[in-house]
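The values are calculated or read from the model by the stated rules, or taken from the named source; none is laboratory data. Predicted model only: the values in this text are computed from it and were never measured. Backbone-built Cβ (ideal geometry, glycine too); neighbour counts: all protein chains shown. Note: areas computed on protein heavy atoms with side chains; ligands, DNA, RNA excluded. Shrake-Rupley method; radii C 1.70, N 1.55, O 1.52, S 1.80 Å.
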Amino acid sequence: MEPIAKPGQRRNPVAPDARIPLLLILCALLTGCGLDSQVSVRGEPPAASEAARPALPVDYGYSRDDELRINHLQVKGTHNSYHRRPAFSLFSEHKYEQAPLDVQLGEYGVRAVELDIHPSSRGYEVYHLPVIDSRSTCALLVDCLAILKRWSDSNPGHHPLFVWIEPKDELGGGVFDMDALDAEILSVWPEGRLVTPALVKGDHASVREAIVERGWPTLGQVRGRAMFMLLDRGRQRDAYLRGERGPGALDGRVLFVHANPADFDAPFAAVAKIDDPSSRHIPVALAKGIIVGSNIGSASRSDEGNLRKLRAGLRSGSHLLTGDFPAPVKGRSYWFKMPGGTPSRCNPITAPGNCSSLDVEDPSVLRRGRQVPGD
């Protein structure tokens with residue numbers, strides 16, 4: 001396993017992994033060797049740019065990995081995934097506690113997380129609000145990402161993990177240093193372990209054109225990876241796009257950015273956080289191939305109200321369903337268990353027919369085969 005960067009430390013984001021794919025290719029050409037007696041090597045994603053071509057994907061034996069795509073999933077997620085209950089809760093919406101991230105992934109079947117970030121001298125800190133709701137299971141962004149990465153290293157057959165990053169500027173500070181944000185992510189997750197805009201865009205003019213004309217990468221191309229998304233609807237998003245809204249808006253960037261409904265046809269439009277699972281905008285987004293996240297369970301809402309939200313979210317086809325209760329909680333009857341999920345399931349709106357949850361992720365093969373190249 002590669003070393004984890006200390007707070008504030010910058011590692012070469014590509015050096016540890018860059019040599020491995022070439023060695024594997026030479027090995028295969030000269031000796032016919034394989035990755036492991038249990039696995040075989042798949043081809044690289046079609047038309048991917050050289051910058052987005054890392055380790056060769058591994059075949060974990062999923063029979064539909066060349067057919068099912070990222071947007072064919074429906075995934076269980078958590079809201080404020082780092083959150084710890086305040087010692088004294090001033091507001092009902094703060095009265096919940098999330099398990100450590102690796103417990104959420106391993107025991108609760110969570111595959112989508114949300115991390116709120118605040119700039120500091122130590123790097124990006126992770127918490128909700130200063131003073132009144134500032135407790136977290138992982139203090140720094142690099143700490144949180146390292147926990148996700150270690151779990152991924154140990155379970156390389158997982159479908160992509162989805163990570164919302166929300167810049168918090170409630171005190172009215174300036175725009176974030178977005179280059180530093182990309183660097184923080186790359187210091188823990190090398191590009192070869194990410195679903196990036198460059199990987200999706202390939203040789204197309206824009207991310208949007210690639211999604212429309214070719215579609216999202218297949219699950220076989222992206223198992224063992226994480227996909228990062230910036231959750232901001234205003235100036236932080238504009239800063240991340242460098243003020244550019246044309247085809248090159250996400251060139252060289254690590255994260256995708258939230259698309260408002262008015263932006264669904266913009267060159268950068270690929271993901272959207274539509275909080276209301278009953279929103280009329282969700283069918284429009286799904287028809288355009290946009291990956292949608294919605295909220296389905298809140299500590300401030302009644303169990304009955306949460307159940308209504310959950311049912312709406314499941315029916316809607318929203319891909320990433322996030323809430324405060326991924327597991328049973330004392331004193332509440334509501335918690336989110338994905339119906340028929342293993343732990344995720346085929347999206348009821350976007351997935352092709354005869355899709356099975358075991359085609360998406362099968363717990364029995366999460367650890368099968370060799371560790372992902374580069375670690």
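Summary table below
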| quantity | calculated |
| --- | --- |
| So Val254, is it buried (at least 22 other Cβ atoms within 10 Å of the Cβ) and more than 25 Å from Asn306 (Cα to Cα) | yes |
| The one condition in (1) closer than 21 Å to Gly305 by Cβ; (2) of a type outside the set (A, V, I, L, M); (3) touching a strand residue (DSSP E or B) at 6+ places or on another chain (Cβ under 8 Å) that His118 fails to fulfil | (1) |
| Single unsatisfied condition, Ala146 versus (1) more than 14 Å from Leu101 (Cβ to Cβ); (2) open to solvent by less than 10 Å² (accessible area, probe 1.4 Å); (3) assigned to a helix (DSSP H, G or I) | (1) |
| Near pairs, Cβ below 9 angstrom, 6+ apart or cross-chain, from region 275-294 (touching a residue at least 12 places away in the same chain (Cβ under 8 Å) and open to solvent by less than 20 Å² (accessible area, probe 1.4 Å)) to any residue that is part of a loop (DSSP other than H, G, I, E, B) and charged (D, E, K, R) | Ile282/Asp276; Gly293/Asp275; Ser294/Asp275; Ser294/Asp276 |
| Residue in region 247-260 that is of a type in the set (Gly, Ala, Ser), more than 17 Å from the chain's Cα centre (by Cα), modelled with pLDDT of 95 or more and closer than 21 Å to Ser81 by Cα present | no |
| Residues of region 128-143 satisfying the condition of being under 19 Å from the mean Cα position of the chain (by Cα) and either among the aliphatic types (A, V, I, L, M) or open to solvent by 40 Å² or more (accessible area, probe 1.4 Å) (or both) | Thr137, Leu140, Leu141, Val142, Asp143 |
| Only listed residue being modelled with pLDDT under 60, of a type in the set (A, V, I, L, M, F, W, C) and on the phi < 0 side of the Ramachandran plot, chosen from Ala52, Ala47 | Ala52 |
| Hey, Cys144 closer than 18 Å to Thr322 by Cβ and without any contact (Cβ under 8 Å) to a residue 60 or more places away in the chain or not | no |
| Of all residues in region 334-365 being assigned to a loop (DSSP other than H, G, I, E, B), modelled with pLDDT of 95 or more and small (Gly, Ala, Ser), the one that is nearest to Leu105 (Cα to Cα) | Ser344 |
| Where a residue in region 103-120 is closer than 20 Å to Pro328 by Cβ and its partner, wherever it lies, is part of a helix (DSSP H, G or I) and open to solvent by 10 Å² or more (accessible area, probe 1.4 Å), with Cβ under 7 Å and at least six apart | Leu105/Trp151; Gly106/Trp151 |
| Every residue from region 182-215 that is within 14 Å of the chain's Cα centre (by Cα), outside any helix (DSSP H, G or I) and touching a residue at least 60 places away in the same chain (Cβ under 8 Å) | Leu194, Val195, Thr196 |
